[in-house]
Number of protein chains: 2
Amino acid sequence: MYARRAERLAPTLAASVPAGAIGFDSGHAFPGVLPDLTREAEIALTRYRAETLQYAPRAGLPDLRAWMAGYTHPGLSAEHILVTNGAKHALELVCRLLLDEGDTVAVTAPTYFSAIPIIKSFGATFIEIPQDDQGLDVSMLSKTPKFIYNVPDFHNPTGITMSIERRQALIDYAKRHSIVIVEDSPYREVRFEGTLPPSLKALGGDGVIQLGTFSKLMAPGLRIGWAAATPSMIARMAQLKTDAGSCPLTQRMILEFLAADRLPAHIQRVQGTYGSNRDRMVAAVTREMPQATFARPKGGYYVWLALPEGTDGDAVAACAAANGVAIIAGSKFFANPGPKHHVRLAFSHATHEEIDEGVRRVAEAFRAAQQ
Amino acid sequence: MYARRAERLAPTLAASVPAGAIGFDSGHAFPGVLPDLTREAEIALTRYRAETLQYAPRAGLPDLRAWMAGYTHPGLSAEHILVTNGAKHALELVCRLLLDEGDTVAVTAPTYFSAIPIIKSFGATFIEIPQDDQGLDVSMLSKTPKFIYNVPDFHNPTGITMSIERRQALIDYAKRHSIVIVEDSPYREVRFEGTLPPSLKALGGDGVIQLGTFSKLMAPGLRIGWAAATPSMIARMAQLKTDAGSCPLTQRMILEFLAADRLPAHIQRVQGTYGSNRDRMVAAVTREMPQATFARPKGGYYVWLALPEGTDGDAVAACAAANGVAIIAGSKFFANPGPKHHVRLAFSHATHEEIDEGVRRVAEAFRAAQQ
């Protein structure tokens, strides 16, 4: 008999920042960039009341599915899209669709820590693949996992973006071995400089399932994300949804926001705000923690610090918490037990003053943990 | 090796009514009773913007959990409550918590059809228990399932309410054999006459997990329900949620609706509207289908018709669909293959004129299927 499902599920981190602490831990949105959606809500709750307060179509509102399809890739249409309660929910449905007990899943080392317990809860084990400054090192793939999970744009936690050559090599490998690629891309628009290569979905077509979300595009509280896959996969995943369709009210509010063409200006604000937060944190870390090495991220929410070998990142995170700063120990980002000398700092949620003060306290925690 | 999870999942019915058809199928809300929530949304999106557009606490907003606790039973507090994306999502989390592959679950015959594929998807099999006009026949329980699932108030699909004696007997049996009871009670406030016995949760305490929802209390589109259980079960189920917390915007809108004390008047409107729809459908069925027998429901959304033995309810439903009326064949409500001579008609969604015309067409379909 297999272990009870619930007991296989590793505990996840608390999502909320401890009261009063400076929050460098979760990828919360900066409060100042949360948009005013009162007009969108009013239209949704009056003109569309019979839709927004009723049960929704299980796969999502058709107009929103069509928009998500076009956003993901011009060749896609509404039936390639399933609306979900955020990207993590989309990943869960992909796991339900694809995984059998005992399967393997390939992930980068490190990888997005919230994906680990979700995949693990389906009884799968992990193959970890190293990455360098070009992203996932495709030459290190040698086995045939059920799927390869990756965050190719402004990778979480490292901030690395996969090069076009690596993307193409990954797709070639996956095609040759009939492996599904699961591309998680929440940060694609949170870009401060440069350009991005085409998405894996654009390059790989039906062999790639892309996960998207409005959490980083508009606001996490809307709880609307999606999966882009083949129509038959989408139809199957829709049957696996037990929420009777994601919230039609927030779906319609998003459609009204898009119809008013507010997204481009909002994305500019997002890029400006988080870019400026990134600059502030990079400067603070350079000043306060000269022993730490890191790649300056060109997008996303995070700085991934490598501390000197032998440093206990778990102890640094614990000391920082005692100092009133929430950060995440790097060890949480390895699917299998891995190196411990990293920490991840999110610059998305804090003010500039909090970034200065918080990094100062993390540096103190680092020195304390050294002793 | 067990079968792939996705392949064990029986297909569920489409949630939407076919275009143009009279909808007696799903338990959709009557459009005329959907409340005006524009004021609630405006407050939620201005005063509470930093909460409602941000990630939410995984277990739900503390104030809403406290309200749900008090509503469920005066002895409960917030830590007994997990906010979910509707009651079906709560049932899924209960299954994740409790079920191992190969377990058995006891349900009434018939039972709520959407619960069947959810429970089945965890690899459980069913023990069906008969019911009479007093509800689930506890004397027929002889095995020890992992849990007993029931809808004791205005049962779906039969409309039967469990008597106090049966409730007590069920709790005694479950306690004696250490079986969890899962009480699904969406219709408790949709009451047209008489009073209800105390809930199983009130009678059975920690031995009962109750599932609740605002879908029937306010509006399905809010996608907010809950599970009431012991604090340790709630903490475990919160970890199993992959949605990063249910939508904080609709949670806050509900809190504002409650704070303005609008719920009592709204429940009165709900009872008046659905009570009048019930009367209209009972009259229509009595007039058009004298061959059908049924118990006049004192609450809920449904009339459960027993057609003469030998009638093929699947054929009646297919003929009715061809006649432009969506109903659900009774066979869908049996977890194991069962009798086929029933159909379920929902009176919640249709207008009085549609009820008259729809029942006339169902009667035609019944006569056609007889031939």
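The values are calculated or read from the model by the stated rules, or taken from the named source; none is laboratory data. Since the model is a prediction, treat every value here as computed from it, not as a measurement. Note that each Cβ is placed from the backbone with ideal geometry, even for glycine, and that neighbours are counted across all protein chains shown.
Structural remarks
- Pairs, first in contact (Cβ under 8 Å) with a residue 40 or more places away in the chain in the stretch B:317-334, second acidic (Asp, Glu), C-beta under 8 Å, six or more apart: B:Cys319/B:Glu364; B:Asn323/B:Glu364; B:Ala326/B:Asp25; B:Ile327/B:Asp25; B:Ile328/B:Asp25; B:Phe334/B:Glu128
- Filtering the stretch A:325-371 to residues that are of a type in the set (D, E, K, R) and over 21 Å from the mean Cα position of the chain (by Cα) leaves A:Lys340, A:Glu353, A:Glu354, A:Asp356, A:Glu357, A:Arg360, A:Arg361, A:Glu364, A:Arg367.
- The single condition among (1) in contact with a helix residue (DSSP H, G or I) (Cβ under 6 Å, 6 or more places away or on another chain); (2) of a type outside the set (A, V, I, L, M); (3) within 14 Å of another protein chain (Cβ to nearest Cβ) that B:Pro197 does not satisfy is (3).
- Sole residue being in contact (Cβ under 8 Å) with a residue 24 or more places away in the chain, of a type in the set (D, E, K, R), crowded, with 22+ Cβ neighbours inside 10 Å and outside the structural domain of A:Arg344 (by TED's automatic domain parsing), chosen from A:Arg278, A:Arg223, A:Arg236: A:Arg223
- Any hit, the stretch A:142-154, residues being modelled with pLDDT of 95 or more and surrounded by fewer than 17 Cβ atoms within 10 Å (Cβ to Cβ): no
- If you go through the stretch A:111-141 and keep only what is surrounded by fewer than 18 Cβ atoms within 10 Å (Cβ to Cβ) and of a type in the set (Val, Ile, Thr), you end up with just A:Thr125.
- Long-range neighbours under 9 Å by Cβ, at least six apart or interchain, first residue among the small types (Gly, Ala, Ser) within the stretch A:264-275, second surrounded by 13 or more Cβ atoms within 10 Å (Cβ to Cβ): A:Gly272/A:Val33; A:Gly272/A:Phe192; A:Gly275/A:Val190; A:Gly275/A:Arg191; A:Gly275/A:Phe192; A:Gly275/A:Gly299
- B:Val316 in a helix (DSSP H, G or I) and among the hydrophobic types (A, V, I, L, M, F, W, C): yes
- Of all residues in the stretch A:336-345 being in contact (Cβ under 8 Å) with a residue 40 or more places away in the chain and surrounded by 24 or more Cβ atoms within 10 Å (Cβ to Cβ), the one that is farthest from A:Ala21 (Cα to Cα): A:His342
- Count of residues meeting criterion [more than 10 Å from every other protein chain (Cβ to nearest Cβ), in contact with an Asp or Glu (Cβ under 6 Å, 6 or more places away or on another chain) and in a helix (DSSP H, G or I)] in the stretch A:220-277: 5
- For B:Ala369: the one exception among (1) more than 22 Å from B:Pro152 (Cβ to Cβ); (2) assigned to a helix (DSSP H, G or I); (3) at pLDDT 95 or above: (3)
- Selection from the stretch A:116-162 of residues that are part of a strand (DSSP E or B), of a type in the set (Asp, Glu) and in contact with a strand residue (DSSP E or B) (Cβ under 7 Å, 6 or more places away or on another chain): A:Glu128
- Exclusive hit being free of Cβ contacts under 8 Å to residues at least 40 places away in the same chain and assigned to a helix (DSSP H, G or I), set A:Glu353, A:Glu364: A:Glu353
- The stretch A:298-321 - residue that is over 18 Å from the mean Cα position of the chain (by Cα) and among the small types (Gly, Ala, Ser) and, of those, surrounded by the most Cβ atoms within 10 Å (Cβ to Cβ): A:Ala320
- Verdict on B:Thr72 being of a type in the set (Val, Ile, Thr), more than 9 Å from chain A (Cβ to nearest Cβ) and either surrounded by fewer than 21 Cβ atoms within 10 Å (Cβ to Cβ) or touching a strand residue (DSSP E or B) at 6+ places or on another chain (Cβ under 9 Å) (or both): yes
- Every pair of residues 6+ apart whose Cβ atoms lie under 9 Å, when the first sits in the stretch B:26-50 and is more than 9 Å from every other protein chain (Cβ to nearest Cβ) while the second is surrounded by fewer than 20 Cβ atoms within 10 Å (Cβ to Cβ) and in a loop (DSSP other than H, G, I, E, B): B:Phe30/B:Thr351; B:Gly32/B:Thr351; B:Arg39/B:Ala260
- Considering residues of the stretch A:83-106 that are among the β-branched types (Val, Ile, Thr) and not in a helix (DSSP H, G or I) only, the residue nearest to the other protein chains (Cβ to nearest Cβ): A:Thr84
- Within the stretch A:113-146, if we keep just the residues that are of a type in the set (A, V, I, L, M, F, W, C), away from chain B (no Cβ under 14 Å) and in contact (Cβ under 8 Å) with a residue 12 or more places away in the chain, the residue that is nearest to A:Leu93 (Cα to Cα) turns out to be A:Phe126.
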